[in-house]
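The values are calculated or read from the model by the stated rules, or taken from the named source; none is laboratory data. Here the structure is a predicted model, which means the values were calculated and not measured. Every residue, glycine among them, receives a Cβ derived from its backbone with ideal geometry; neighbour counts consider all protein chains shown. We work out accessible area using only protein heavy atoms, side chains counted, and drop any ligands, DNA or RNA first. Shrake-Rupley method; radii C 1.70, N 1.55, O 1.52, S 1.80 Å.
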Amino acid sequence: MFLPTRRQSPDKSLLRLRDNWAEPVNFCVKVTDDGNCRAGHKKGQTYEFSWGSPKSLCTESLVGMYPVLHSLRVFGDMRELGSSKRNVRVYNCPSREIKFEITALYRCNLCGTTLPVSDVGVESHQLMCTKPSFPLRVCESCYSKHEDKTIEW
Ligand SMILES: [Zn+2]
């Protein structure tokens, strides 16, 4: 006896996150004030990066600003430290010569579009990866495209 073949439901298709991953947090570090600097920093220089260290950024400053970067990576609110915006923090180098403005850029986890940040937080829709289980911040377009899918790494 043969059972009828069951077709897989088309609206529960699988989205493989590993093939669609966009890094959700990037940093833009801008030199806003310069001075006597052994790393040669000048006002106006900008560095954009995510996990890799940016080329020619002073290593002492990078180490010094790391707690801020980590805090922004987990969506910390910089207003708690006196900043006027939740995703922006000014960092003074250890020699007190160079000022860096650090801005966290939050991106859609699927397409990389920059998500707006308001006083309330990152404005995004949420999808869930089920294997392993963790939330994704996504743009409206990705949300409507993938809301019915099963999402796994
Ligand atoms: Zn998107």
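You can think of it this way: the chain between residue 63 and residue 111 has 14.3 nm of extra reach, that is 0.36 nm per residue less the Cα-Cα gap.
If R0 is taken as 25 Å, the Cβ-Cβ distance between residue 74 and residue 145 corresponds to a FRET efficiency of 0.40. Taking springs between alpha-carbon atoms closer than 10 angstrom, which of 22, 104, 39 fluctuates most in the Gaussian network model of the chain? Looking only at 22, 104, 39, the biggest GNM fluctuation is shown by 39.
Amide H contacts under 5 Å for residue 25: 107, restricted to partners 5 or more places along the chain or on a different chain, H placed in the peptide plane at 1.01 Å from N. Build a GNM of the chain with springs between Cα atoms under 10 Å apart, and of 26, 109, 92 the one that fluctuates most is 92. Only DSSP H runs of four or more residues enter the estimate; each adds -39500 (n - 2.57), and after division by the residues of the chain the mean residue ellipticity at 222 nm equals -4500 deg cm²/dmol. Please give the FRET efficiency for residue 42 paired with residue 96, using the beta carbon to beta carbon distance and R0 = 22 Å, rounded to the nearest 0.05. My answer for the efficiency is 0.85. Among the chymotrypsin sites (Phe, Trp or Tyr not before Pro) in the stretch 31-131, those placed in a DSSP loop whose Cβ has at most 16 other Cβ atoms within 10 Å are 51, 75. Rounded to whole numbers, the Karplus 3J(HN,Hα) couplings from phi for the stretch 109-114 are 5, 9, 10, x, 4, 5 Hz, using 6.51 cos²θ - 1.76 cosθ + 1.60 with θ = phi - 60°, and x at Gly and Pro. Here's how it looks for residue 117: its modeled amide H is under 5 Å from those of 123, which are all 5 or more places away or on a different chain. Exposed loop positions in the chain were taken to be trypsin sites (Lys or Arg not before Pro) whose DSSP state is not H, G, I, E or B and which have at most 16 other beta-carbon atoms within 10 angstrom. Between these positions, the longest stretch is 97-148. Modelled label positions at residue 23 and residue 128, each set 7 Å beyond Cα in the direction of Cβ, lie 2.9 nm from each other.
Which values of log₁₀ I(q)/I(0), to two decimal places, follow from the Debye formula for the stretch 25-106 at q = 0.12 Å⁻¹ with a uniform point scatterer at every Cα? Log-scaled intensity ratios, in q order: -0.30. Net charge dipole, the chain: roughly 300 debye, given to the nearest 20, about the Cα centre with Cβ charges of +1 for Lys and Arg and -1 for Asp and Glu. Each Lys and Arg Cβ is given +1 and each Asp and Glu Cβ -1; about its Cα centre, the stretch 15-87 then shows a dipole of about 100 debye.
Relative to the longest principal axis of the Cα atoms of the chain, the long axis of helix 59-73 makes an angle of roughly 40 degrees.
What the stretch 25-106 shows is 57 Å² of accessible area per residue, with the surface traced by a 1.4 Å probe over protein heavy atoms. Over the C-alpha atoms of the chain, the Rg to Rh ratio, Rh being the Kirkwood estimate, stands at 1.16.
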